[in-house]
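Peer 1: Can you read through this structure? Questions will come right after.
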Amino acid sequence: MTQLILFNVMNGLIIGAFYALMAIGLSLIMSLSDVINFAHGGFLAVGAYLAYTMTPYIGFWGGLIVAPLLTAVLGLIVEKFLISRVYGRDPLYSLLLTFGLAFIFEDGTRYIWGAQSLPYQVPGWLMSPLSSSLFFLTGYRVFMIFLIVVVVGGLFFIMTRTRLGLRIRAGTLDLETVSVLGVNVRVLRNLNFGIGIYLAGLAGVLAAGQLGLQPTIGASLIMPSFVAIIIGGLGSLTGTLLGGLLIGVASGVTAVFLPSATEAVMYVMMAAVLLIRPQGLLGEEGRF
Amino acid sequence: MGNLDLRKQSTNLIVCALLLTLPFWIDHVGSYIQLGTQIVVMALAAMALNFLLGYTGVLSFGHAAYFGLGAYGTGMTIRYLLPSTGVGILVGTLVGALAAAVIGPMIVRLRGVYFAMVTIAFGQVFYFIAFRWNDVTGGDDGLTNWKRMPIDLGFTTVDIQHNATAFYYFVLVIFAVAVALMAFLLRSPFGRTLIAIRENERRARFMGVNVNFHIWMSWVISCTFMALAGSLSSLLNNFVDPRSLFWTQSGTFVIMCVMGGMRSFWGPLVGAAIFVALQDYLSSATPNWQSFVGLVFVIVVLFFPRGVMGIFRRKATE
Amino acid sequence: MTKDGFTSRLDRRTLLKAGAVIGAAQIASPFVRVARAADTIKIGVDNPLTGTYAALGKNEGIGMAMAVDEINAKGGILGRQVELSIEDSTSGDASTAVAKARKLIDRDQVSFILGNINSALAQAIANVANEKSVFHVVPGGHTDSVTGSNCHWNTFRVCNTTQTEANAVAGAVIKNAGKKWYYLTPDYAFGHTLQAGMEKAAAALGGTKVGGDLTPLGTTDFSSYLIKAQAANPDAIIFLQQGDDGVNVLKQAVQFGLDKKTHLAGAQLELEVLLGLPPEARVGTWVFEWYWNQPNVPGVKEFVAEVRKRSGGHVPTARTWFGYASIHTCALAAAQANSLDAVKMARAMQGFKLPPEIALMPDGAYYRAGQNQLIPDLYVGHPQATGKDDPEDLFVVDQVVNGADVSPTLEETMCKQDWPA
């Protein structure tokens, strides 16, 4: 029993890290642009399908590098021509816009690549478990965690050490002042959106490696990401990371004791956090 | 000013006339009575949401939960407790109101996208309860084996069970009462305060308005009428399933409001009519209907943010 | 299928025609529908085009369209041409499926209604069809109640009951894997009855259940369930998920190396799932309900060749055949009864044996009287990682089971049909 719980905690951390990857992208966009990107799951699917399409030509590793970048480019285009047009208006409009885009993305991927699940293959040596007892630690999942750590670490570096990151963080706190100080807010938001979508595309490629590749592959990930953001505190990337890991573990442990509540448990956690600390675990007070 | 009143009166008249005569012409425009009932139900839902969205300026993206709670409350009452349509509606509506009243205090402090996100997430709790508690709710299969019951008025019985037109008018009567109540509330000082909050929350606060309490009230009222709409929807289908609580359903309610015009009393009704009819048509016409529905969202947001009624109004003022 | 939907309708001629129709409707609207109804016979299809069962729905659609063309080429039903009215039921939204069924029946005045892949939706549509007394065929929703405890005189089913599938495969799983099973079951009508069927079939052969979990339809990550399953140390993990869920759970199970630690098996498996899996995940003991590679059955080769023309070169799956047989069932019922009256047609189909060119199975297939359930052959076997002569030849049939030998008796199904007087 102890072993079962331990296994599910470890497994939950892996799933949680994946939620976090998705949630951090969402959180970046939400903090700077006040946009809830419902189409995030759609971008995730596009990333996965692009990687699948490119793999025969440039291999798995090529796809892993190129597909998220192409997805990010798509993100930049969508931001420039659609989403940027609703900045400054009631947040309602950006919600509806991305909500509609989510429909189009799901249906579009189905139209282009078909409804049939596609077999996306990862290199054989990543496929098998590392050890017989810890069978859920496959080479691929360990690699996935490694990559998430690298990318999130890189993101934290960008956010704290580069001019772009400082501007994004400053913009999150007070966009008007940043604008007055001569920063081109349009470009800043565009790039920030691109970074968020890059993370979604990467999450898509990683997801396709262990799941079937389907148009709805991103749909079930968006809600856990929201909850991760709320629990962690909007505006805090560390908080979002923490939130993702927490709900991953909570779902895993609940699956052992009360399987029918596996999906609901994270919402209960969210309610608890809202009651005790409305701004989220690491969120700054007074922001909302 | 007199001109404006005249315009308002004539809009009211047109809406009433169209709704009252709907069973007589809907077949002739290539549609069917159930779709008409569906439109009235969705219109009630959209107008209920607009009470909060359009008149209080608070962005909820989780209203489907209360729609679904009303539906389950009604279905489960008729199935397990008492085979009475009236009691079913009452219980369903109360369940929705109660849930909203309890959740309200946790969210009234939040604003903007954060409010939207939290309402979605709370809505999902109810979705998963309906989805996974098989023994009681029927789970994914939905709640079946119950039917709306004829209404016994004492002197006569209205057979809403078999007569689709009778059911339409039954729904319309409830719709009329609910809408009149909402209109009354919006005209009252309470309603004026809500609009004041929408226009400038800080000023309202400085004027001594208890903003959070008013938002809570508005939220509960809105969710209550939402539950009533959900209750009617379950009676229309003789069926409830968890997807009526799913968060994407909330998005369709919001688009109905925006599409018709959030600043107009009848706007959500117009939006609901257009959206329901359009979705009904598209989903028969093309397997890629999702893309077209998505496109409708994008077009409305980019080109018609004030909705249909907004366009009319601008034309009228020009 | 996607192409002839919306865009092709918008050419100028159609627009003109539409204009003319609207004009006519304004003048003589009450008569328009009657006039159209006399022209063609409509078959309503209320099946998933979106969501987790979209691929299955698409394949059933190919079979249906093909059957319609065959019927029309031979003069139609009772001398009238046949036309499909297709609606997207979605993969799990029963309210939508019910609303669409009412729309097809009330507005489009269809003579037959087909649907659904999702068992819960199939049952919901069956109830509407019964209320309206419309001839209903379920192509591919397996839960027992549709032709069991909740059966109707007007609902016919092409695919098997879950109990029949379980009875067909249980012996092979026990032989290949062992007696202690852990179940991973989709949490809705289909999964519930399939698991109950497997438990019953296994118990009769000395098998036991060591545990199980219900997984919601649309689950993508199954890792925590797989960890639990392995911890119970079963001889076999029984996967009852279908469609995209089936792909996800099997792919993860094989990545975890569970195929080497224990046996992976299940009941129903479909070619669509095998095609979505990487080669190494094509493992286990399963039952197919129809398979395209039957070299010794006459007519199958021609059927496969014709489907390939319509599907971009892909072979038919069991789903294609379900759709095909469902439409032919409608036409045969009308021909047998020489009428479109639902009661007469349903009476005419009691005990009806499908002609061999439609059944496409070694022992043929017939609708069992008093239950309206098709009793076909079932194909027990195992997947192969890659097809030898054809990349889509991914299943090896070890044994053809005659459905009559593994179907529960009529009494066991608890079906009581309530015929109109």
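Peer 1: A:Ala45: of a type outside the set (Val, Ile, Thr), within 17 Å of the chain's Cα centre (by Cα) and closer than 24 Å to A:Ser220 by Cα, yes or no? Steps first, please.
Peer 2: Details: of a type outside the set (Val, Ile, Thr): yes; within 17 Å of the chain's Cα centre (by Cα): yes; closer than 24 Å to A:Ser220 by Cα: yes.
Answer is yes for this residue.
Peer 1: Here is a follow-up. If we only count strands (runs of 3 or more DSSP E) wholly inside region C:315-421, which ones have 3 or more residues that are acidic (Asp, Glu) and touching a strand residue (DSSP E or B) at 6+ places or on another chain (Cβ under 9 Å)?
Peer 2: Details: elements: C:366-368, C:373-375, C:377-383, C:395-402.
Strands (runs of 3 or more DSSP E) meeting the threshold: none at all.
Peer 1: Mind checking which residues of region B:9-35 are touching a residue at least 60 places away in the same chain (Cβ under 8 Å) and within 14 Å of another protein chain (Cβ to nearest Cβ)?
Peer 2: B:Pro23, B:Ser31, B:Ile33, B:Gln34, B:Leu35
Peer 1: Another question, if that's okay. Is it true that C:Gly351 is surrounded by fewer than 21 Cβ atoms within 10 Å (Cβ to Cβ) and farther than 18 Å from C:Val138 by Cα? Break it down into steps so the answer makes sense when it comes.
Peer 2: Values: surrounded by fewer than 21 Cβ atoms within 10 Å (Cβ to Cβ): yes; farther than 18 Å from C:Val138 by Cα: no.
Against the criterion (surrounded by fewer than 21 Cβ atoms within 10 Å (Cβ to Cβ) and farther than 18 Å from C:Val138 by Cα), C:Gly351 does not qualify.
Peer 1: Looking for something more than 9 Å from every other protein chain (Cβ to nearest Cβ), modelled with pLDDT of 90 or more and closer than 30 Å to C:Ala54 by Cβ - is there at least one such residue anywhere in region A:151-172?
Peer 2: No; the residues of region A:151-172 include none that is more than 9 Å from every other protein chain (Cβ to nearest Cβ), modelled with pLDDT of 90 or more and closer than 30 Å to C:Ala54 by Cβ.
Peer 1: What number of residues within region C:70-108 satisfy the criterion of being farther than 18 Å from B:Leu282 by Cβ, modelled with pLDDT of 90 or more and outside any helix (DSSP H, G or I)?
Peer 2: 10
Peer 1: From the list B:Gly75, B:Gly62, B:Gly57, exactly one residue is within 16 Å of the chain's Cα centre (by Cα) and not hydrophobic (A, V, I, L, M, F, W, C). Which is it?
Peer 2: Numbers: B:Gly75 fails: within 16 Å of the chain's Cα centre (by Cα); B:Gly57 fails: within 16 Å of the chain's Cα centre (by Cα).
Testing whether each residue is within 16 Å of the chain's Cα centre (by Cα) and not hydrophobic (A, V, I, L, M, F, W, C) leaves just B:Gly62.
Peer 1: Can you tell me how many residues in region C:46-68 are assigned to a helix (DSSP H, G or I), away from chain A (no Cβ under 14 Å) and touching an Asp or Glu at 6+ places or on another chain (Cβ under 9 Å)?
Peer 2: Pass one, region C:46-68, residues assigned to a helix (DSSP H, G or I): C:54-68.
Narrowing further to those that are away from chain A (no Cβ under 14 Å): C:63-68.
Pick out the ones that are also touching an Asp or Glu at 6+ places or on another chain (Cβ under 9 Å) and you get C:66, C:68.
Counting residues in region C:46-68 that are assigned to a helix (DSSP H, G or I), away from chain A (no Cβ under 14 Å) and touching an Asp or Glu at 6+ places or on another chain (Cβ under 9 Å) gives 2.
Peer 1: Consider B:Ala116 carefully, then state whether it is surrounded by fewer than 24 Cβ atoms within 10 Å (Cβ to Cβ), in contact (Cβ under 8 Å) with a residue 24 or more places away in the chain and facing chain A (nearest Cβ under 7 Å).
Peer 2: Numbers: surrounded by fewer than 24 Cβ atoms within 10 Å (Cβ to Cβ): yes; in contact (Cβ under 8 Å) with a residue 24 or more places away in the chain: yes; facing chain A (nearest Cβ under 7 Å): yes.
Yes; evaluated as a whole, the condition is true for this residue.
Peer 1: Within region C:252-271, take every residue that is over 11 Å from C:Leu226 (Cβ atoms) and buried (at least 24 other Cβ atoms within 10 Å of the Cβ) and give me the one that is farthest from the chain's Cα centre (by Cα). Give the steps one after another, and end with the answer.
Peer 2: Step one: filter region C:252-271 for residues over 11 Å from C:Leu226 (Cβ atoms), giving C:259-260, C:263, C:265-271.
So of that shortlist, the ones also buried (at least 24 other Cβ atoms within 10 Å of the Cβ) come out as C:265-269, C:271.
Details: C:Ala265: 21, C:Gly266: 17, C:Ala267: 15, C:Gln268: 11, C:Leu269: 12, C:Leu271: 13 Å.
Out of the qualifying residues, it is C:Ala265.
Peer 1: Scan region B:43-61 residue by residue and report those that are hydrophobic (A, V, I, L, M, F, W, C) and not in a loop (DSSP other than H, G, I, E, B). Before the answer, list the steps.
Peer 2: Narrowing region B:43-61 to residues hydrophobic (A, V, I, L, M, F, W, C): B:43-49, B:51-53, B:58-59, B:61.
Listed by number, the residues that qualify are B:Ala43, B:Leu44, B:Ala45, B:Ala46, B:Met47, B:Ala48, B:Leu49, B:Phe51, B:Leu52, B:Leu53.
Peer 1: Filter region A:1-58 for residues that are touching a residue at least 60 places away in the same chain (Cβ under 8 Å) and outside any helix (DSSP H, G or I) and give the result.
Peer 2: A:Asp34, A:Val35, A:Ile36, A:Asn37, A:Phe38, A:Ala39
Peer 1: For region B:154-164, state whether one or more residues are buried (at least 22 other Cβ atoms within 10 Å of the Cβ), under 18 Å from B:Ser233 (Cα atoms) and of a type in the set (Asp, Glu).
Peer 2: No.
Peer 1: Right, another one. Would a scan of region A:97-115 turn up a residue that is at pLDDT below 90 and in a loop (DSSP other than H, G, I, E, B)?
Peer 2: Yes, region A:97-115 contains at least one residue that is at pLDDT below 90 and in a loop (DSSP other than H, G, I, E, B).
Peer 1: State all residues of region C:245-300 that are hydroxyl-bearing (Ser, Thr, Tyr) and within 11 Å of another protein chain (Cβ to nearest Cβ); if no residue qualifies, say none.
Peer 2: Keep residues of region C:245-300 that are hydroxyl-bearing (Ser, Thr, Tyr), which gives C:262, C:285, C:291.
C:Thr262, the sole residue that qualifies.
Peer 1: Which numbered condition in (1) of a type in the set (Phe, Trp, Tyr); (2) over 27 Å from B:Thr11 (Cα atoms); (3) free of Cβ contacts under 8 Å to residues at least 40 places away in the same chain is the only one that B:Trp247 fails?
Peer 2: It fails just one condition, (3).
Peer 1: Only one of (1) surrounded by fewer than 22 Cβ atoms within 10 Å (Cβ to Cβ); (2) in contact with a helix residue (DSSP H, G or I) (Cβ under 8 Å, 6 or more places away or on another chain); (3) more than 7 Å from every other protein chain (Cβ to nearest Cβ); (4) at pLDDT below 90 fails for B:Phe292. Which number is that?
Peer 2: Unmet for B:Phe292, out of (1) surrounded by fewer than 22 Cβ atoms within 10 Å (Cβ to Cβ); (2) in contact with a helix residue (DSSP H, G or I) (Cβ under 8 Å, 6 or more places away or on another chain); (3) more than 7 Å from every other protein chain (Cβ to nearest Cβ); (4) at pLDDT below 90: (4).
Peer 1: Can you report the number of residues in region A:63-77 which are in contact with a Ser or Thr (Cβ under 9 Å, 6 or more places away or on another chain) and modelled with pLDDT of 95 or more?
Peer 2: Here the count works out to 1.
A quick yes/no check of all residues on (1) hydrophobic (A, V, I, L, M, F, W, C); (2) within 11 Å of chain B (Cβ to nearest Cβ); (3) under 21 Å from A:Leu28 (Cβ atoms); (4) surrounded by fewer than 16 Cβ atoms within 10 Å (Cβ to Cβ):
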residue: A:Tyr57; (1), (2), (3), (4): no, no, no, yes
residue: A:Ala72; (1), (2), (3), (4): yes, no, yes, no
residue: A:Gly75; (1), (2), (3), (4): no, no, yes, no
residue: A:Tyr87; (1), (2), (3), (4): no, no, yes, no
residue: A:Arg110; (1), (2), (3), (4): no, yes, no, no
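Peer 1: Take the residues in region C:277-311 that are part of a loop (DSSP other than H, G, I, E, B) and of a type in the set (D, E, K, R); name whichever of them is farthest from C:Gly171 (Cα to Cα). Can you show your working first?
Peer 2: First, the residues of region C:277-311 that are part of a loop (DSSP other than H, G, I, E, B): C:277-278, C:282-284, C:289-299, C:311.
When the remaining residues are screened for being of a type in the set (D, E, K, R), the result is C:282, C:289.
Numbers: C:Arg282: 20, C:Glu289: 16 Å.
Going through the qualifying residues, I end up with C:Arg282.
Peer 1: Additional query: Of the conditions (1) in a helix (DSSP H, G or I); (2) closer than 19 Å to A:Ala45 by Cα, A:Val152 clears all except one; give me its number.
Peer 2: Only one criterion is unmet by A:Val152, namely (2).
Peer 1: Could I ask something else about it? State which residue is farthest from the other protein chains (Cβ to nearest Cβ) when the search covers only region B:255-272 and only residues that are surrounded by 24 or more Cβ atoms within 10 Å (Cβ to Cβ) and over 16 Å from A:Phe99 (Cα atoms).
Peer 2: This residue is B:Leu269.
Peer 1: One residue is enough: does region B:198-207 have a residue meeting the conditions touching a Phe, Trp or Tyr at 6+ places or on another chain (Cβ under 8 Å) and assigned to a helix (DSSP H, G or I)? If you could, list the steps in order and put the result at the bottom.
Peer 2: First, pick out the residues of region B:198-207 that are touching a Phe, Trp or Tyr at 6+ places or on another chain (Cβ under 8 Å): B:198.
Of the ones still in play, those that are also assigned to a helix (DSSP H, G or I) are B:198.
Within region B:198-207, one or more residues are touching a Phe, Trp or Tyr at 6+ places or on another chain (Cβ under 8 Å) and assigned to a helix (DSSP H, G or I).
Peer 1: For the subset of region C:213-241 comprising residues that are more than 11 Å from chain A (Cβ to nearest Cβ) and in a strand (DSSP E or B), which member is farthest from C:Gln252 (Cα to Cα)?
Peer 2: In this case the residue turns out to be C:Ala236.
Peer 1: Now for a different question. Could you give every pair whose Cβ atoms fall below 7 Å, whose first residue belongs to region B:119-142 and is within 12 Å of chain C (Cβ to nearest Cβ), and whose second residue is of a type in the set (Lys, Arg), counting only separations of at least 6 or pairs across chains?
Peer 2: Correct list of pairs: B:Gly139/B:Arg132.
The values are calculated or read from the model by the stated rules, or taken from the named source; none is laboratory data. This is a predicted model, so every value here is computed, not measured. Glycine also receives a Cβ, built like all others from the backbone with ideal geometry; neighbour counts cover every protein chain displayed.
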